[in-house]
Amino acid sequence: MAQDQYDAIVVGARCAGSPTAMLLAQKGYRVLVVDRATFPSDTLSTHIVHPPGVAALERWGLLGRLAATGCPPIDTYTFDFGPFTLSGAPGTDDSPVAYCPRRTVLDKLLVDAASEAGAEVREEFTVEEVVTENDRVIGVRGHSKGGRPVNEHAQVVVGADGRNSFVARAVGPEQYNEKPQLLSGNYAYWSGLPVDGRFEVYIRPGRGWGAAPTHDDLTLVVAGWPFAESDANKGDVEGNYLEMFEMAPDFADRIRAAKRESRFAGTAVPNFFRRPFGPGWALVGDAGYNKDFITAQGIADAFRDAELCANALHESFSGARSFDVAMGDYQSTRDDHVLPMFEFTCQLATLEPPPPEMQQLLGAVNGNQEAMDGFARVNAGVTSPAEFFSDENVGRIFAAAG
Ligand SMILES: Cc1cc2nc3c(=O)[nH]c(=O)nc-3n(C[C@H](O)[C@H](O)[C@H](O)COP(=O)(O)OP(=O)(O)OC[C@H]3O[C@@H](n4cnc5c(N)ncnc54)[C@H](O)[C@@H]3O)c2cc1C
């Protein structure tokens, strides 16, 4: 077997890859993390980081750095359904706020943290082959910009290379819970559209949009329509984007008075889980589990994966547990945790009006501050939808509504 130069090679250095590399390096492992991008750089994504993601940054000692970049905290989520608006606090006492940091800022902060922890960071390095020996991944082959191909070897190659993961394609993991693209989203940045610490969400039949404050006094406004309308609407993204706001006249007035400061960006994504490990390889972040962005869970999920996967690899490297047992636990912990949110997300992403029972429940939540906070926390990924929509909790909400 080729001599391992590294304990782990991590392919992809954004929300999943850099924290995985950082956490492994902090435990003393030899880690190489590569990305074909340079940092700071943007990526196609909006960037609400719900309180659980913020809590991870706090655990890693990075929250102060983020706050110091001038990114405004978000302490209130509002859900405007037309007839009424639910307004609640998304977090907990320990982690009360969300942030919406530009990926240029967040991802650079994460890459720097990996490097400071002792990981070797190679930017502008493209992996073009996953190297195997006797059906086991033993490294990668890739090249720096303009450079000759080189082989690097490790005990484990971690694919943190996004939903179109090259590593996943090379190792061909089982894929399950698949659902097609459901929603087409487009976003742009606006000045002169203050939201005062709120993440504003608007839900209308067949349409939905959200506005959140980010760096440089800008407001991110992301808007979606059903994927089935993508082809019909792609000829006039701006017209269709602006037209939907007329369904909420106050918001339409506010955005008419604002100025768009960026081009539109947008896409639609498929929904799937992948088995996140096999001989000599692992997957974290979108590479292992991808879902529609309507509930903005991806960054916090990537952070959680990074911790679970780094801990499992540590157990395996240190001999505490076998690779298969430790990584099997990573997979089942991930899946058990995210499955209710995955179903909730895919349902929301259809943009179909809530069924009558749900409309009744939302009506009962309206005005009940504890229940509105609970609803905000579901959307923030703090409380599981399974818990909030349990018979017991729903009974409590209806009882309180009289
Ligand atoms: C439109 C949209 C809106 C979204 N909004 C939100 C939101 O508001 N909040 C939220 O939490 N999530 C959101 N998400 C999801 C979020 O973007 C992802 O979950 C998150 O970026 C996943 O991080 P990652 O590190 O797994 O992958 P990525 O961020 O995709 O990073 C993968 C990295 O791998 C690198 N790479 C890929 N292939 C190779 C290769 N062969 N060699 C070297 N490097 C390679 C890429 O250059 C890239 O830097 C949104 C997604 C979309 C598409």
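Residues to consider are MET327, MET372, MET341; find the one that is within 19 Å of the chain's Cα centre (by Cα) and assigned to a helix (DSSP H, G or I).
MET341
Every residue in segment 235-257 that is within 26 Å of ARG103 (Cα to Cα), surrounded by fewer than 17 Cβ atoms within 10 Å (Cβ to Cβ) and in contact (Cβ under 8 Å) with a residue 24 or more places away in the chain, please.
Residue satisfying the conditions is GLU238 alone.
Quick one: HIS143 ticks every box in (1) within 15 Å of the ligand (Cβ to nearest atom); (2) more than 19 Å from the chain's Cα centre (by Cα); (3) buried (at least 19 other Cβ atoms within 10 Å of the Cβ) bar one, so which box is it?
Tallying (1) within 15 Å of the ligand (Cβ to nearest atom); (2) more than 19 Å from the chain's Cα centre (by Cα); (3) buried (at least 19 other Cβ atoms within 10 Å of the Cβ), HIS143 fails exactly one: (3).
Kindly list the number of the only condition in (1) within 10 Å of the ligand (Cβ to nearest atom); (2) within 19 Å of the chain's Cα centre (by Cα) that fails for THR126.
THR126 satisfies every listed condition except (2).
Can you tell which of VAL269, VAL222 is assigned to a loop (DSSP other than H, G, I, E, B), within 11 Å of the ligand (Cβ to nearest atom) and touching a strand residue (DSSP E or B) at 6+ places or on another chain (Cβ under 8 Å)?
Exactly one residue qualifies, and that residue is VAL269.
I need the strands (runs of 3 or more DSSP E) fully contained in segment 18-137, keeping only those with at least 2 residues that are charged (D, E, K, R) and at negative phi.
Per the criteria, 120-122, 125-133.
Output the residue which, of all residues in segment 31-54 that are under 26 Å from LEU313 (Cα atoms), among the hydrophobic types (A, V, I, L, M, F, W, C) and within 14 Å of the chain's Cα centre (by Cα), is farthest from the ligand (Cβ to nearest atom).
Of everything passing the filter in segment 31-54, VAL54 is farthest from the ligand (Cβ to nearest atom).
What residue, among those in segment 162-188 that are within 28 Å of SER262 (Cα to Cα) and more than 10 Å from the ligand (Cβ to nearest atom), is surrounded by the fewest Cβ atoms within 10 Å (Cβ to Cβ)?
Checking each candidate, the answer is GLN181.
FYI, it's all coordinate maths here, none of it is from the lab. Just so it is clear, the structure is predicted and the values come from calculations on it, not from any experiment. Neighbour counts run over all protein chains shown; Cβ positions are idealised from the backbone, glycine included.
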